[in-house]
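The values are calculated or read from the model by the stated rules, or taken from the named source; none is laboratory data. Not measured: the values here are computed from a predicted model. Cβ placement follows ideal geometry from the backbone for every residue including glycine, while neighbour counts extend to all protein chains displayed.
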């Protein structure tokens with residue numbers, strides 16, 4: 001019976017040993033195949049080894065680590081290829097990574113990004129073709145094509161470069177206004193005095209081909225006076241609407257609805273758009289406050305969790321919000337601080353002379369047990385009963401010479417106006433004993449000892465960096481034990497705090513934190529030891545000299561600086577105080593008023609057309625001088641004929 005059990009046990013042990021040996025061999029083969037670049041075969045061997053010995057944690061860990069490293073390497077190479085524009089090769093690597101790890105999200109996102117890249121390239125090609133054509137409508141259409149792309153990837157350089165070119169082209173041309181046809185931008189000359197508003201719009205419709213629909217609450221008796229020359233139809237309509245407290249709503253390519261400019265009608269006719277802005281760098285609350293302050297935005301909802309702002313307003317307000325957000329949502333500057341801290345310490349010590357005994361003692365020796373002194377021994381005191389205690393004579397001839405250099409060379413990367421801290425040293429425990437109602441308790445506090453460096457950079461536009469530096473070097477001088485047993489330390493420290501302003505790559509050295517100590521300790525026979533030539537013979541003197549100096553060298557290197565925005569992006573038309581967003585010129589970058597006015601005068605175009613509203617009394621200007629200077633001019637105005645309600649001579 002026992003022999004049978006033993007036989008079975010040996011058979012099981014042998015089987016387990018064979019399985020372990022086989023699994024180990026498979027494991028080694030798998031690693032060798034992976035090292036040789038045979039990925040599929042190597043991973044298959046490692047998986048086989050893990051299955052043959054499922055309780056071996058090493059096999060599972062190595063399998064997971066090798067698989068993770070391979071997938072990460074493939075994804076990194078694929079990302080580099082995608083940035084270089086080699087999408088086909090990148091897609092193969094992403095798909096290869098998914099065959100190894102089907103659940104890898106990085107590879108899946110990479111494939112999605114490739115699909116998005118292909119779509120973006122096609123859209124950018126279309127926008128480039130429109131840019132080459134160079135017309136106002138084509139430029140506006142190209143801008144509309146780029147808008148969703150910039151919303152998806154606001155930091156893509158190719159998109160930003162193309163958008164900059166479009167903006168530059170549009171500063172020389174009048175941008176298209178929404179969905180209106182090109183006829184809306186034709187030049188026109190109007191001469192009306194005290195004419196019905198509907199008749200003026202009827203004449204404009206015949207000239208431009210636009211269709212005007214009037215709300216039933218528009219007063220049919222409303223009359224206006226307008227005198228403009230070589231002004232675009234868009235500008236003429238804007239002046240008529242402003243002078244007569246009317247507003248427009250574009251309902252088609254050639255259809256415009258005219259309605260009274262009152263809150264209820266604005267709510268009925270004004271089209272609103274909902275836009276979600278995802279911020280990459282700026283603070284959500286700061287941007288939302290800017291939109292509410294500058295644009296008087298109607299409805300804004302923020303989500304700090306994902307950094308998004310949802311805005312509901314008119315299309316013109318949404319366009320201005322895009323420009324304001326693009327100015328604020330920029331990456332913070334970053335600086336790499338290369339710091340070198342060197343502590344040079346030199347110690348010199350010398351002890352030379354003869355150390356004579358500094359005391360002597362006489363002792364009476366008794367005859368009792370253990371040398372105890374009896375009363376009878378006092379009668380027979382002699383030289384044999386007196387013991388002499390005298391210290392030893394010691395010759396000291398010792399010299400020490402110690403040099404030490406302590407070097408710390410940290411490289412710190414820190415964002416603009418953020419603090420970075422470096423501690424190189426120890427945390428020394430200090431034990432404090434507290435007693436409460438007869439019960440004592442120990443509490444431990446830690447004190448940082450060593451090199452402590454705090455820096456706070458501030459990057460400026462001219463590639464200069466202001467650095468607030470706080471340097472402290474401390475060391476434990478000695479340990480102190482109180483009468484109650486409490487442990488404390490005497491800590492020596494040297495510190496320096498300053499603010500520097502350096503250029504990118506400029507090195508500044510801070511030195512002068514010097515500690516110089518000289519100590520002399522003498523042990524000599526009084527009198528004779530004070531003689532100049534006898535001090536070393538009848539005494540011993542110890543001289544200690546310690547000198548240490550701390551040198552700090554710091555070099556800032558700007559990794560990301562503040563980019564000054566271009567003028568077309570930093571300055572744009574925003575309407576009037578009562579009409580934020582304006583009418584007809586949204587998106588038009590402000591140019592030099594004097595230059596444009598001078599150019600208009602040279603072309604024979606009046607720089608300030610007038611619009612009078614008899615209903616409100618008096619003649620008033622429908623545009624300011626600055627607005628008229630911004631009006632784009634056509635090469636040659638089309639003939640428009642005489643207005644039907646022009647006054648006769650003598651009226």
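Structure values in brief
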{"item": "The listed residue being at pLDDT 85 or above and either in contact with a helix residue (DSSP H, G or I) (Cβ under 6 Å, 6 or more places away or on another chain) or surrounded by 14 or more Cβ atoms within 10 Å (Cβ to Cβ) (or both), out of 113, 125", "result": "113"}
{"item": "Search result, residues across segment 542-570 that are over 30 Å from residue 509 (Cα atoms) and either modelled with pLDDT under 75 or loosely packed, with under 14 Cβ neighbours inside 10 Å (or both)", "result": "564, 565, 566, 567, 568, 569, 570"}
{"item": "Test for residue 539: is it surrounded by 15 or more Cβ atoms within 10 Å (Cβ to Cβ) and in contact with a helix residue (DSSP H, G or I) (Cβ under 9 Å, 6 or more places away or on another chain)", "result": "yes"}
{"item": "Selection within segment 410-433 - assigned to a strand (DSSP E or B) and within 17 Å of residue 339 (Cα to Cα)", "result": "411, 412, 413, 414, 415, 420, 421, 422, 423, 424, 425"}
{"item": "Qualifying position, being closer than 30 Å to residue 168 by Cα and in contact (Cβ under 8 Å) with a residue 12 or more places away in the chain, among 113, 90, 125", "result": "113"}
{"item": "Qualifying residues in segment 306-360 (those that are modelled with pLDDT under 80 and part of a loop (DSSP other than H, G, I, E, B)) - the one farthest from residue 402 (Cα to Cα)", "result": "359"}
{"item": "Boolean, residue 73 is exposed (fewer than 13 other Cβ atoms within 10 Å of the Cβ) and farther than 30 Å from residue 167 by Cβ", "result": "yes"}
{"item": "Scan of segment 459-471 for residues that are surrounded by fewer than 18 Cβ atoms within 10 Å (Cβ to Cβ) and either in contact (Cβ under 8 Å) with a residue 24 or more places away in the chain or within 14 Å of residue 495 (Cα to Cα) (or both), ordered by number", "result": "460, 461, 463, 464, 466, 468, 470"}
{"item": "Qualifying residue in segment 284-292 (condition: modelled with pLDDT of 90 or more, in a strand (DSSP E or B), in contact with a helix residue (DSSP H, G or I) (Cβ under 6 Å, 6 or more places away or on another chain) and at negative phi)", "result": "no"}
{"item": "Residue in segment 220-237 that is out of contact with any strand residue (DSSP E or B) (no Cβ under 7 Å at 6 or more places or on another chain), exposed (fewer than 14 other Cβ atoms within 10 Å of the Cβ) and not in a helix (DSSP H, G or I) present", "result": "yes"}
{"item": "Filter result (in a loop (DSSP other than H, G, I, E, B) and either within 16 Å of residue 312 (Cβ to Cβ) or free of Cβ contacts under 8 Å to residues at least 60 places away in the same chain (or both)) within segment 248-283", "result": "251, 261, 262, 270, 271, 272, 279, 281, 282, 283"}
{"item": "Among (1) under 28 Å from the mean Cα position of the chain (by Cα); (2) touching a residue at least 40 places away in the same chain (Cβ under 8 Å); (3) exposed (fewer than 14 other Cβ atoms within 10 Å of the Cβ) - the single one residue 296 does not satisfy", "result": "(1)"}
{"item": "Selection within segment 134-154 - under 19 Å from residue 322 (Cα atoms) and not in a helix (DSSP H, G or I)", "result": "153, 154"}
{"item": "Qualifying position, being over 30 Å from residue 341 (Cβ atoms) and assigned to a strand (DSSP E or B), among 555, 520", "result": "520"}
{"item": "Residue in segment 479-489 that is under 22 Å from residue 341 (Cβ atoms) and either free of Cβ contacts under 8 Å to residues at least 24 places away in the same chain or exposed (fewer than 14 other Cβ atoms within 10 Å of the Cβ) (or both) present", "result": "no"}
{"item": "Test: residue in segment 361-384 that is surrounded by 11 or more Cβ atoms within 10 Å (Cβ to Cβ), in a strand (DSSP E or B) and at pLDDT below 70", "result": "yes"}
{"item": "Every pair of residues 6+ apart whose Cβ atoms lie under 7 Å, when the first sits in segment 555-568 and is within 17 Å of residue 165 (Cβ to Cβ) while the second is modelled with pLDDT of 75 or more", "result": "565/327; 566/164; 568/167; 568/168"}
{"item": "Residues (at pLDDT 80 or above and either outside any helix (DSSP H, G or I) or closer than 20 Å to residue 316 by Cα (or both)) located in segment 170-208", "result": "186, 187, 188, 189, 190, 191, 192, 193, 194, 195, 196"}
{"item": "Some residue of segment 495-517 being in the same structural domain as residue 552 (by TED's automatic domain parsing), under 30 Å from residue 429 (Cβ atoms), loosely packed, with under 11 Cβ neighbours inside 10 Å and at pLDDT below 85", "result": "yes"}
